[in-house]
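These notes concern the structure reproduced below.
The values are calculated or read from the model by the stated rules, or taken from the named source; none is laboratory data. Just so we're clear, the structure is a prediction, and the values are computed from it rather than from any experiment. Here Cβ is always computed from backbone atoms with ideal geometry, including for glycine, and neighbour counts include all displayed protein chains.
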Amino acid sequence: MTEIIVSGMRPTGSLHLGHYVGVIKNWLKFQEDYESYFFLADWHAVTSNYHSIDVIKRSRHEYVKGWLACGVSTDKAHIYNQSDIPEILNLAQFFLTMTPPGWADRSPSWKDLKVNPNRRLDNLGFYTYPILQSADIAIVRGNLVPIGEDQLTHLEISREIIRKFNRLYHTDLPEPSPKLTKIPKLLGIDGAKMSSSTGNVITLQESPKSLQKKINKMKTDETRAGIESPGNPDNCSVFDYHKIFSTDTLKAETESACKAAQLGCGECKKNLGQTMKELLIPIADKMSKITDSECDDILAQGKKIVGEKIRNNWNKLRHQAGF
Ligand code: TRP
């Protein structure tokens, strides 16, 4: 059986390094090994951005450009936009009607929303999020979903919904398994979780100047008295980035020189800037050469090809369920 992997990204702002490290880099491997469905989860984006739909509209193009520039290929993976294929919502509605509220109550992001005073809990989309996500997966008969540990409960809810659906309607939808990937912990420039909404991100299209400026703002070992005293790289956001992005040689040199008080933080930040430029400039260059209309063409092709497959799957399910 070919393994089918499904992964969506919510187009809610700029593509940033967190997306690159946490999602896109893994997609590059998946597209070689699996039948891959990578999509813009724009309905999921509406949940948090229903008052700023224009952001979603702009981000769609930026995301597709970023995916392509990083090496995601339409020859290897299906790329499409969720809201272009309405049958996904048909299945989501079917799932909604057979999901007990208690299952949705278990969603960790819903629980977090209810207690977090900084989040606005003002629409039911947050509550039904795992149900739509289950439909995203089931409608293409996905059996693998790349997730971090913190998303395991969401996938467990999906498995239960799909199991119940199969039992009720004698269908054979695969119960999706988590594809747990090691995702290095990449924090924003302020040391908090990297997120477009807090503005602590390094985007994939950061200009070299702004990139260095952001790196210069990052916190280093605060107990280090000065350049003449040894620093502790384990307690330094800049070294955290070196660990993820720099060559082994530069990593080792930085670590020993910092501990031996032979490398100042300013110089170390410049070195990191160089590493990041080598990674990001080619990506930004490629992104700037891809036009909006090329993105539209890719999404139109996804709508056609994936849309047809999804329509067939939906019609089959609907028929099997006697609906
Ligand atoms: N929940 C994912 C996120 O917040 C996006 C997503 C939506 C998704 N549907 C999915 C991921 C289906 C994997 C499979 O980024």
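For segment 138-172, the set of residues classified as among the hydrophobic types (A, V, I, L, M, F, W, C) and not in a helix (DSSP H, G or I) consists of Ile139, Val140, Leu144, Val145, Ile147, listed by residue number. Scanning segment 215-235 for any residue that is in the same structural domain as Gly8 (by TED's automatic domain parsing), at pLDDT 95 or above and polar (S, T, N, Q) turns up nothing. Within segment 160-173, residues that are at negative phi have Cβ atoms under 6 Å from residues that are polar (S, T, N, Q) in these pairs: Ile161/Thr99; Ile161/Ser134; Tyr169/Gln320; Thr171/Gln320; Leu173/Asn166, counting only partners at least 6 apart in sequence or on another chain. Cβ-Cβ distances below 9 Å connect the following pairs, each with a first residue in segment 299-314 that is closer than 16 Å to Ser36 by Cα, a second residue that is of a type in the set (S, T, N, Q), and a separation of six or more residues or different chains: Leu299/Asn81; Gln301/Thr74; Gly302/Thr74; Gly302/Asn81; Lys303/Asn81. The residue pairs whose first member lies in segment 126-139 and is of a type in the set (S, T, N, Q), whose second member is modelled with pLDDT of 95 or more and near the ligand (Cβ under 8 Å from one of its atoms), and whose beta carbons are closer than 8 Å, counting only pairs six or more residues apart or on different chains, are Gln133/Gly8; Gln133/His44. Does His154 satisfy being farther than 16 Å from Ser36 by Cα, within 12 Å of the ligand (Cβ to nearest atom) and modelled with pLDDT of 90 or more? Yes; evaluated as a whole, the condition is true for this residue. Counting only residues that are in a strand (DSSP E or B) and buried (at least 20 other Cβ atoms within 10 Å of the Cβ), how many does segment 59-88 have? Number satisfying all stated conditions: 4. If you go through segment 20-52 and keep only what is assigned to a helix (DSSP H, G or I) and more than 17 Å from Lys179 (Cα to Cα), you end up with Tyr20, Asp42, Trp43, His44, Ala45, Val46, Thr47, Ser48, Asn49.
Residues of segment 89-104 being in contact (Cβ under 8 Å) with a residue 60 or more places away in the chain and not in a helix (DSSP H, G or I), which ones? Within segment 89-104, Met98, Thr99 meet the criteria. Picking from residues in segment 1-50 that are of a type in the set (A, V, I, L, M), more than 14 Å from the ligand (Cβ to nearest atom) and over 12 Å from the mean Cα position of the chain (by Cα), the one that is surrounded by the fewest Cβ atoms within 10 Å (Cβ to Cβ) is Met1.
When the residues of segment 203-229 are narrowed to those that are touching a Phe, Trp or Tyr at 6+ places or on another chain (Cβ under 9 Å) and assigned to a loop (DSSP other than H, G, I, E, B), which ends up farthest from Met276 (Cα to Cα)? The extreme case among them is Asp221.
In segment 99-143, how many are more than 14 Å from the ligand (Cβ to nearest atom), within 13 Å of Ile161 (Cβ to Cβ) and among the charged types (D, E, K, R)? Residues meeting the conditions: 1. Just one of Gly226, Gly231, Gly188 is of a type outside the set (A, V, I, L, M) and within 28 Å of Asn118 (Cα to Cα); which is it? Only one candidate passes the filter, namely Gly188.
Of the set (1) surrounded by fewer than 18 Cβ atoms within 10 Å (Cβ to Cβ); (2) in contact with a helix residue (DSSP H, G or I) (Cβ under 6 Å, 6 or more places away or on another chain), all apply to Thr291 but (2). In the set (1) modelled with pLDDT of 95 or more; (2) buried (at least 17 other Cβ atoms within 10 Å of the Cβ); (3) within 16 Å of the ligand (Cβ to nearest atom), Leu96 fails one condition alone, (2). Looking at Pro146, is it within 12 Å of the ligand (Cβ to nearest atom) and under 20 Å from Thr2 (Cα atoms)? Spelling it out, Pro146 is indeed within 12 Å of the ligand (Cβ to nearest atom) and under 20 Å from Thr2 (Cα atoms).
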